[in-house]
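Here's the structure, in structure tokens; my notes come after.
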Amino acid sequence: MKLSTLKPAKGSVKSNYRRGRGQGSGGGGTATRGHKGAQSRSGHSYKRGFEGGQMPLQRRLPKFGFKNINRVEYTGINLDSLQQLVDKVKVTDINLDVLIANGLAGKNDLVKIMGRGELKSKVNVNIHAFTASAKKAIEEKGGTATEVN
């Protein structure tokens with residue numbers, strides 16, 4: 001094999017289509033853009049949602065609802081997830097750092113412990129919020145549920 005005999009794979013190289021370069025190209029008069037209109041002009045672009053002058057869908061539909069800018073969003077972690085964590089890592093004190101280290105919460109998350117599942121071990125939990133059922137389940141096992149800010 002010599003470098004001078006190398007060729008691209010068959011069918012991998014296509015000849016360049018020279019759009020609108022003279023009448024002989026087959027699209028010369030209008031450069032295959034059709035006659036007149038915005039799409040035949042250079043620099044043409046439509047705004048998102050433009051429907052050719054027809055009233056766009058996002059303006060035909062009514063507005064409704066609102067976003068509450070004061071909403072506090074919590075990441076929910078259930079008791080069964082806490083139990084799995086206790087079984088895996090063998091911890092008795094659970095706080096945000098432990099949850100972050102084990103991938104159950106992000107470093108900027110507010111965490112709420114929720115009551116799904118069963119807790120089998122005594123744990124002390126220091127977290128932002130608890131549901132009533134989760135707090136009760138933790139305290140029934142002899143642990144503490146402390147809310148931190």
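Couple of notes before you dig in:
- In summary, residue 66 fulfils each of the numbered conditions (1) under 30 Å from residue 114 (Cα atoms); (2) surrounded by 10 or more Cβ atoms within 10 Å (Cβ to Cβ) with the single exception of condition (2).
- Screening residue 86 on (1) in a helix (DSSP H, G or I); (2) within 29 Å of the chain's Cα centre (by Cα); (3) surrounded by 11 or more Cβ atoms within 10 Å (Cβ to Cβ) shows it passes everything except condition (2).
- Residues satisfying the stated conditions in the range 78-130, i.e. closer than 21 Å to residue 149 by Cα and of a type in the set (Gly, Ala, Ser): 101, 103, 105, 106, 115, 129
- Criterion (of a type in the set (Val, Ile, Thr), assigned to a loop (DSSP other than H, G, I, E, B), surrounded by 11 or more Cβ atoms within 10 Å (Cβ to Cβ) and without any contact (Cβ under 8 Å) to a residue 60 or more places away in the chain) met by exactly one of 32, 75: 32
- Extreme residue, surrounded by the fewest Cβ atoms within 10 Å (Cβ to Cβ), among residues of the range 10-29 that are polar (S, T, N, Q) and over 23 Å from residue 42 (Cβ atoms): 15
- Test: residue in the range 106-123 that is assigned to a helix (DSSP H, G or I), within 22 Å of the chain's Cα centre (by Cα) and surrounded by 15 or more Cβ atoms within 10 Å (Cβ to Cβ): no
A quick yes/no check of all residues on (1) at pLDDT below 90; (2) farther than 30 Å from residue 149 by Cα:
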site: 24; (1), (2): yes, yes
site: 29; (1), (2): yes, yes
site: 35; (1), (2): no, yes
site: 47; (1), (2): no, yes
site: 56; (1), (2): no, yes
site: 63; (1), (2): no, yes
site: 66; (1), (2): no, no
site: 69; (1), (2): no, no
site: 76; (1), (2): no, no
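- Which numbered condition residue 98 misses (of (1) part of a loop (DSSP other than H, G, I, E, B); (2) aliphatic (A, V, I, L, M); (3) within 26 Å of the chain's Cα centre (by Cα)): (1)
- Residue in the range 39-60 that is nearest to residue 20 (Cα to Cα), counting only those that are under 26 Å from the mean Cα position of the chain (by Cα) and not in a helix (DSSP H, G or I): 47
The values are calculated or read from the model by the stated rules, or taken from the named source; none is laboratory data. Just so you know, these numbers come straight off a predicted model, no measurement behind them. So basically every Cβ, Gly included, is an ideal-geometry build from the backbone, and we count neighbours across all protein chains shown.
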